[in-house]
Structures are given as C-alpha cells and as structure tokens.
1. Check the straight Cα-Cα distances from LYS10 and name the aspartates and glutamates below 18 Å, setting aside those fewer than 8 residues away within the same chain.
2. So for region 135-247, what are the equivalent ellipsoid semi-axes in whole Å, largest first, each being the square root of 5 times an eigenvalue of the Cα gyration tensor?
3. Can you list the aspartates and glutamates whose alpha carbon is less than 16 Å from that of LYS19, not counting same-chain residues fewer than 8 positions off?
4. Using modelled backbone amide H atoms (1.01 Å from N, in-plane), which distant-in-sequence or interchain residues come within less than 5 Å of LEU90's amide H?
5. Apply the Karplus parameterisation 6.51 cos²θ - 1.76 cosθ + 1.60, with θ equal to phi minus 60°, to every residue of region 155-170 and state each ³J(HN,Hα) to the nearest whole Hz, in sequence, with x for glycine and proline.
6. Between TYR66, TYR196, TYR99, find the one with the highest GNM mean-square fluctuation for the chain; connect C-alpha pairs within less than 10 Å.
7. Considering only C-alpha atoms, what is the centroid distance from region 218-247 to region 1-47, in Å?
8. Pairs to check: LYS139/LYS203; LYS49/LYS139; LYS98/LYS139; LYS116/LYS193; LYS109/LYS222. Give those whose C-alpha atoms are more than 27 Å from each other in this structure.
Amino acid sequence: MINYYFANFKMNMTFEDIKNYTDSLLKIIDGNKNKVGLFVSHTVLCQTKELLKDTSILVGAQNVHYEEKGAFTGEINASMLKECDADMSLIGHSERRKYYKETNNEINKKIKILMKHNIKVVFCIGETKQDRTLGNARKVLYQQLSNGLLGIYENELENIIIAYEPVWAIGTGETASNKLIEESVCHIKEIIKDLYNNTISEKIRVIYGGSVTPQNIKTLSKIKTIHGFLIGGASLNCNNFAEIINN
Ligand code: PGA
C-alpha cells in the first residue's frame, strides 16, 4: 500500500519558509491518512519539530555523523538529532555519495548509530546511468544493501525504509518507468531475502524517488510493490506536494 510521502527539501527552506509552507500544507491535506514527512536542514530541525509537534507530520534530518561525538568540525551527531526529537534521518542520498564521497561503509555506520539512538532511517540506494548501461544495476544495489545493512538486526529493519532512487532520475525530469521500478523493487526484495529471510523481504518497505511530480504521480501510484515516494524538487512547492499526497 502506498502511504508514505516524504519531502526532501535538500539545501532549501528557512524556518520562515517552513512556517508558511506547513501552514498551507496542513490545511490542504487535512484528514489525509497518509504518513507525511519533511526532511529539513539541521538548522531548522528543532524549530520545525516543535512547530509540528501536535500534527501528524514527521520531521527528519538529511544526514548525521557516524561517531557519537568528537573533533569533527561542522558535523552533527545522533544525540543532537535526538535532542530535536527528530523522527528519522535520510541516509546515503546519492548527492551525499557523489559530492561528499560517502561510502557504503560510512553509510552502514550512520545507520547503526541511528538505530542505537532509536531514530528511524530512510536509506537511499540506486544505480547511476552508467551502472545501468553497463548492466551493473543489480550488482550495485546488492553492494549498497549488503554493505549498508551489515550487522543490522532483523528487528531493526522495522525502523528502516529503503528509498530506491535511480541516480539518473533525481532532479532530471527523467522518471523511471513503472516496469523498471517494479523490476528494481523485485531485485531489492530478492537481495533482502538473501541477506535476511523471506518474511523480512516481504515486510520491508520500499519507496521510490526520482522526479516524482503531480503530473506523473497517478501513473507511479499504479505500482503495487512500493509503499510511497521521496520527493525532492516538486516538494518545494506546497501545492505540488499536497497534490501528490492527495492524488
Ligand atoms: P527529485 O529528488 O524529486 O527532485 O528528483 C528526489 C530526491 O533527491 O530524493
């Protein structure tokens, strides 16, 4: 069932912007039973959580450092996210893998520290255009999942949602076809079965991200095997995000 709608604001939205945005959003999606969440910048995390504390909107961070604390200038640790009462954190987004050279091993340590602090994770994976052209998409998903989830216990997977985001579809307007998404979700489930077991593989929640818009949401919503969407660009406009949620 599709019921997760997560907005990834990336490096956008001041607290002033978020106040106006959520004010309108709450009115438009009033009564909607879906699970809606916003991944905001660290600087506005506490304020946004406080602002939305009496609503059903979840608030998450976009990243965390994998160490408990220490000499890591400019970084934010899991206790700091917890202090803001963050519901969740994005981990392994392709922009972080690309621009900040995040490795599968670091991603694994980040997931572990978040599990330890009881913060839910939206774990992003996805192949590049080149991986796909070279026929390596499946292998890349395997590496990302097997390394990223190394040492993560079965029961912890209840607190992890996998976001399948083909890198070539992010911010490009080139949405993956339903067929390709279905095939990839099937691979992801096979990999989870391989790493854990059949029950876990059936239970694992997978959402799709990559150029989701109000225009293509109806088509994408026909995919039976996904549980929701992670929306970047289109989520920056409150009406567009609401239209996607209410579709
Ligand atoms: P997009 O971004 O919707 O702009 O493609 C998705 C994401 O980066 O999570």
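Any read-out appearing in this document is the output of simple, stated calculations on the displayed coordinates, not a laboratory observation. In this text, all values refer to a predicted model and were calculated from it rather than measured experimentally. Heads up, the Cβs are rebuilt from the backbone with ideal geometry, glycines too, and the neighbour counts pull from every protein chain shown.
1. By straight Cα distance, LYS10 reaches GLU75, ASP87, GLU95, GLU102, GLU165.
2. Working through the eigenvalues yields semi-axes of 26, 15, 13 Å.
3. Correct list for LYS19: GLU50, ASP54.
4. Residues meeting the criterion, in which the H sits 1.01 Å from N, are ALA61, GLN62, ASN63, VAL122.
5. 5, 6, 5, 5, 9, 10, 10, 8, 9, 7, 10, x, 4, 5, 9, 7
6. Looking only at TYR66, TYR196, TYR99, the largest GNM fluctuation is found for TYR99.
7. 13 Å
8. Over 27 Å Cα-Cα: LYS49/LYS139; LYS109/LYS222.
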